[in-house]
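J.: Below are the structure tokens for one structure; questions will follow.
The values are calculated or read from the model by the stated rules, or taken from the named source; none is laboratory data. What you see is a predicted model, and the numbers here were worked out from it, not measured in a lab. Here Cβ is always computed from backbone atoms with ideal geometry, including for glycine, and neighbour counts include all displayed protein chains. Note: accessible area is taken over every heavy atom of the protein model, side chains too, but ligands, DNA and RNA are not part of it. Shrake-Rupley method; radii C 1.70, N 1.55, O 1.52, S 1.80 Å.
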Amino acid sequence: MKSINYVLSFFMVIFLSAAIMILSSNIVLRISSMYVYHFNDSQAVLNIPYNVNGSEMADGISGYLSSFSKDEFQVYEDNRIYKDPLFNKNEQAVMKKAKQTLAIELGIGIFSLAGALGTYLYLLKNGFTEALRNRGKLTVGITAFLIILRVILCSSKGFRTWLYSFCIGIKLKKDSLLVMVLGDPLYKTYLLFATVLAVALLGIYAYVTYVTAKEKRIFY
């Protein structure tokens, strides 16, 4: 039984590290505040020839990526009498692919979190607290390494280009509106938000481990 628990504790490390990395990325790509920050910082929306502000653009992007609706992605320019669509079919196809990728990623993240939580509770119930403390330190170390690795990789234009080709694979012109609003330097804002969230999730895990699996002492 101890050998099984020993193996399970390492699976927990893998599940939890994956969950923190995946969910921290997935969540920030869905929240409006990340895009608002990007638009305010980069002034990207101010440079486009349309009457739409950063909050409207951010809400449109966030709302689409977070929605379960099958409607096409679109943000409209309000010209009083008419609402003119801003994005073309090719750009809509890119956003559809991005939404599908995020949905798959979210499913993997939830599965990883469920696996980590189930394994943690099982080990805790069976009194494997020392292993939980030790694996907790390992989880913090591995996740911290992965956070740093994500920053390094996503700071590379070559890696970002490869990632886009792998996940999306739809070519857009350099003067495309979608490229103008969601191109570089969006990755900097993404890394900032994703890193902060990942560290916060890691901190929550460390606190929960400290409270639930702390060593019982007779003398203090």
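J.: Of the conditions (1) surrounded by fewer than 18 Cβ atoms within 10 Å (Cβ to Cβ); (2) more than 18 Å from Lys171 (Cβ to Cβ); (3) at pLDDT 95 or above, Tyr82 clears all except one; give me its number.
T.: All conditions are met except number (3).
J.: So which of Gly60, Gly107 is modelled with pLDDT of 95 or more, surrounded by 13 or more Cβ atoms within 10 Å (Cβ to Cβ) and out of contact with any helix residue (DSSP H, G or I) (no Cβ under 6 Å at 6 or more places or on another chain)? First the steps, then the outcome.
T.: Numbers: Gly107 fails: surrounded by 13 or more Cβ atoms within 10 Å (Cβ to Cβ).
None of the others qualify; the one that does is Gly60.
J.: Please determine whether any residue of the range 169-177 is open to solvent by less than 50 Å² (accessible area, probe 1.4 Å) and either without any contact (Cβ under 8 Å) to a residue 60 or more places away in the chain or basic (Lys, Arg) (or both).
T.: Scanning the range 169-177 turns up no residue that is open to solvent by less than 50 Å² (accessible area, probe 1.4 Å) and either without any contact (Cβ under 8 Å) to a residue 60 or more places away in the chain or basic (Lys, Arg) (or both).
J.: Further question: Return the pairs, sorted by first residue and then second, in which the second residue is among the β-branched types (Val, Ile, Thr) and part of a helix (DSSP H, G or I), the first residue lies in the range 1-15 and is within 22 Å of Thr143 (Cα to Cα), the beta carbons are less than 8 Å apart, and the residues are 6+ apart or on different chains.
T.: Here the result reads Leu8/Thr119; Ser9/Thr119; Phe11/Thr119; Met12/Thr119; Met12/Thr139; Val13/Thr139; Val13/Ile142; Phe15/Thr119, each pair linking the range 1-15 to a residue that is among the β-branched types (Val, Ile, Thr) and part of a helix (DSSP H, G or I).
J.: Pick out the one residue from Val151, Val181, Val94 that is open to solvent by 20 Å² or more (accessible area, probe 1.4 Å) and not hydroxyl-bearing (Ser, Thr, Tyr). Walk me through how you get there before you give the answer.
T.: On the way: Val181 fails: open to solvent by 20 Å² or more (accessible area, probe 1.4 Å); Val94 fails: open to solvent by 20 Å² or more (accessible area, probe 1.4 Å).
Within the list Val151, Val181, Val94, the selection yields Val151.
J.: Looking at Gly203 and the list (1) in a helix (DSSP H, G or I); (2) touching a residue at least 12 places away in the same chain (Cβ under 8 Å), which single condition is not satisfied?
T.: Evaluating Gly203 over (1) in a helix (DSSP H, G or I); (2) touching a residue at least 12 places away in the same chain (Cβ under 8 Å) leaves (2) as the failure.
J.: Can you tell me which residue among Ser42, Ser112 is in contact (Cβ under 8 Å) with a residue 60 or more places away in the chain, among the hydroxyl-bearing types (Ser, Thr, Tyr) and under 30 Å from Met12 (Cβ atoms)?
T.: Going through Ser42, Ser112 in turn, the sole match is Ser112.
J.: Are any residues in the range 1-21 of a type in the set (A, V, I, L, M) and open to solvent by less than 80 Å² (accessible area, probe 1.4 Å), and if so, which ones?
T.: If we filter the range 1-21 for residues that are of a type in the set (A, V, I, L, M), which is where we start, we get 1, 4, 7-8, 12-14, 16, 18-21.
Of everything in the range 1-21, those that are of a type in the set (A, V, I, L, M) and open to solvent by less than 80 Å² (accessible area, probe 1.4 Å) turn out to be Val7, Leu8, Met12, Val13, Leu16, Ala18, Ala19, Ile20, Met21.
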